[in-house]
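The values are calculated or read from the model by the stated rules, or taken from the named source; none is laboratory data. For clarity, every value in this text was computed on a predicted model and none was experimentally measured. Please note: Cβ atoms are built from the backbone with ideal geometry, for glycine as well, and neighbour counts cover all protein chains shown. SASA here: full protein model, heavy atoms, side chains in, ligands and nucleic acids out. Shrake-Rupley method; radii C 1.70, N 1.55, O 1.52, S 1.80 Å.
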Amino acid sequence: MRQQGDAEEYAEILGRAQAGQCGTGRGDTGSGDRRAPVRRAIRSLSGPDLWKRGPVLAASALMLGLLMLLHAEITDRGGLGSLVETFLPWFGLFIPVLLAGALWRRSAVAVVALLLPVVAWLSLFGGLLIDKSQPGGDLIVVSHNVNAENPDPAGTAHDLAASGAHLLALEEMTPQATVAYGKELAKAYPYHTVRGTVGLWSKLPLSDSRSVNVLRGDAGPPAETRRAEELPVDPPRALRTTVATDQGPLVVYVAHLGSVRLMPRHGFWTESRDAGAVALAKAVAAERNERVVVLGDMNGTTDDRVFDGLTSQLRSAHEVAGNGFGFSWPASFPMARIDQILVRGVEPKSSWVLPATGSDHLPVAAAIRW
């Protein structure tokens, strides 16, 4: 009896299989085969194994999120913290890579863990994805590191003048190039002041111009080399001046802080830059004028902790009124915004990056309103 029952059951299964293969001639052919991949996919995305796959991917996602959330807590020994914060937006590129890995491994826990870095990145940089610029503005300011090795200073000056800026700050000028910039800009900018390697050209009168000591390059390994080789001390790299406007005086700082370097023995060396940032923050803090604009190559992003002294007093024009990340360096493939326009007592209306010149930096511009 049992053998007869088994035979009947087998015959029934065989009959259903044949019916599925032959169909009725009305389009049923292969319906079972078409559903098979769907059923396999559902089975692969269900069950307890789904939450056990990809522990390394999940741990990597959590570490990425914590790194972005707690970047200020990373040690700055060897400049590690500063290096991470300089390129912090680019850590978001790891998110799609980890997501692809999580989907390939069919790991639910890794997908869930990725929520942390996504939220962290959006909280830090999501605002930069929105165009916050508005029309109008009483004054257009431009800042540009023109590069000491710029092969065409006159052409660079011509391009900058075409921007229509009322104030034009230049950094990293050589004595020879300064003459070329002065000649090319004289007609459009009747007022200017130069201190060392930095200068400001203006369509409005200037007064009370003076150098600002940002410690230049007189600290750390470069200073040791300079002293050992008896090289001259760097010329001033920052200035302060007062611009006369119809709405009252506007204090403007132009600065080129010390370089940062990757050194085998010292890591990401930032000592000169850091000292300059502290000195500049102290100068701004002592400023009695309500309206202040700081222009220049800071050799660092506003995410870098060393600029907390400045960003606690000033707002980044690009963060307030920009569109996108506004990367300015290097000009060939911009990866970081190290050229800054910081303001106090005025309202940024728009911020943008100008086309490339003969420099390795891109010029940055902003329109401000009283």
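Averaging over all projection directions, the Cα-based convex hull of the stretch 97-208 occupies 11.8 nm² in the image plane. Surface calculation, 1.4 Å probe, protein heavy atoms: K282 sits at approximately 140 Å² accessible. Cα gyration tensor of the stretch 275-370, axes a ≥ b ≥ c as square roots of the eigenvalues: rounded (a/c below 1.5), prolate (a/b > b/c) or oblate? Oblate, since a/c reaches 1.5 and b/c is not below a/b. Overall, the accessible surface of the stretch 277-354 at a probe of 1.4 angstrom is composed of carbon and sulfur to the extent of 54 percent.
The local environment of G326, defined by Cβ-Cβ distances under 10 Å, has a net charge of -1 under the rule Lys, Arg +1 and Asp, Glu -1.
Protein heavy-atom accessible surface, 1.4 Å probe, per residue over the stretch 99-160: 50 Å². A straight line joining the Cα centroids of the stretch 90-126 and the stretch 267-338 runs 29 Å.
Amide H contacts of D76: G81, each under 5 Å away and 5 or more positions distant or on a separate chain (H built 1.01 Å from N in the peptide plane; Pro and chain starts excluded). Residues R261, R273, ordered by accessible area of protein heavy atoms at a 1.4 angstrom probe radius and largest first, appear as R261, R273.
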